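Here is the structure we will look at.
The values are calculated or read from the model by the stated rules, or taken from the named source; none is laboratory data. Since we're looking at a predicted model, the values are computed, not measured. No Cβ is skipped: glycine too gets one built from the backbone with ideal geometry, and neighbour counts run over all protein chains shown.
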Amino acid sequence: MKAVIQRVTSASVTVDDSIVGRIGQGIMILLGVEKGDTVGQADWLVEKIRGLRIFSDDAGKMNLSVQDIGGSLLVVSQFTLAGNCAKGKRPSFDTAAPTDEGKRLYEYFVATAKQSGIPVETGIFQADMQVALVNDGPVTFILER
């Protein structure tokens, strides 16, 4: 399971000209599910993201978590994170989870994040989405488990 996380001042996801998810300050999460991924990996990622100290304290140091600042999460499924571009010019998605499994783990991740008490917004699984964000910093990390 892979996640690209970005510290944002705002982010939104639009489907068919309608905003389906929007947050202010928080973390934008692009989540990719691969074959063989488990709920244990999703649990680990939620806990890691929830506690990751990537927001600045009064001294300007990254010392605060999204929970500490009262921020939100915007979670968007991103199967292309499983893409392999090592050979040729066309990405291979052989390692991406099958649709049903990817959806199940994506929905599990979202439900687990919501249970942690942090406000969570989402995109729509398998939809053609337009994502807009203001990356604060910029601060971006790639997490894999």
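Residues in the stretch 17-46 that are touching a residue at least 40 places away in the same chain (Cβ under 8 Å), of a type in the set (D, E, K, R) and loosely packed, with under 14 Cβ neighbours inside 10 Å: Lys35 only.
Only strands (runs of 3 or more DSSP E) whose full extent lies in the stretch 34-127 are considered here, and the ones with at least 1 residues that are under 30 Å from Asp17 (Cβ atoms) are 72-77, 120-122.
In the stretch 62-99, of all residues being more than 20 Å from Ile5 (Cβ to Cβ) and hydrophobic (A, V, I, L, M, F, W, C), the one that is surrounded by the fewest Cβ atoms within 10 Å (Cβ to Cβ) corresponds to Ala86. Confirm whether Val131 is surrounded by 15 or more Cβ atoms within 10 Å (Cβ to Cβ), modelled with pLDDT of 95 or more and either of a type in the set (Lys, Arg) or out of contact with any helix residue (DSSP H, G or I) (no Cβ under 7 Å at 6 or more places or on another chain) (or both). Judged against the criteria, Val131 is a match.
Picking from residues in the stretch 112-137 that are under 10 Å from Ser77 (Cα atoms) and β-branched (Val, Ile, Thr), the one that is farthest from the chain's Cα centre (by Cα) is Ile124.
Of all residues in the stretch 64-118, those satisfying the criterion of being without any contact (Cβ under 8 Å) to a residue 60 or more places away in the chain and among the small types (Gly, Ala, Ser) are Ser65, Gly70, Gly71, Ser72, Ser77, Gly83, Ala86, Gly88, Ser92, Ala111, Gly117.
So, of the residues in the stretch 19-38 that are of a type in the set (A, V, I, L, M, F, W, C) and more than 10 Å from Met1 (Cα to Cα), which turns out to be nearest to the chain's Cα centre (by Cα)? Residue satisfying both the conditions and the ranking: Ile29.
The residue that is surrounded by the fewest Cβ atoms within 10 Å (Cβ to Cβ), among those in the stretch 47-61 that are of a type in the set (A, V, I, L, M, F, W, C) and farther than 18 Å from Thr112 by Cα, is Ala59. Considering only residues of the stretch 128-145 that are assigned to a loop (DSSP other than H, G, I, E, B) and among the charged types (D, E, K, R), which is nearest to Gln41 (Cα to Cα)? In this case the residue turns out to be Arg145.
Let's see how each residue does on (1) over 28 Å from Asp100 (Cβ atoms); (2) in contact with a Phe, Trp or Tyr (Cβ under 6 Å, 6 or more places away or on another chain); (3) of a type in the set (Ser, Thr, Tyr):
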position: Met1; (1), (2), (3): no, no, no
position: Ala11; (1), (2), (3): no, no, no
position: Asp16; (1), (2), (3): no, no, no
position: Gly26; (1), (2), (3): yes, no, no
position: Glu34; (1), (2), (3): no, no, no
position: Val39; (1), (2), (3): no, yes, no
position: Asp43; (1), (2), (3): no, no, no
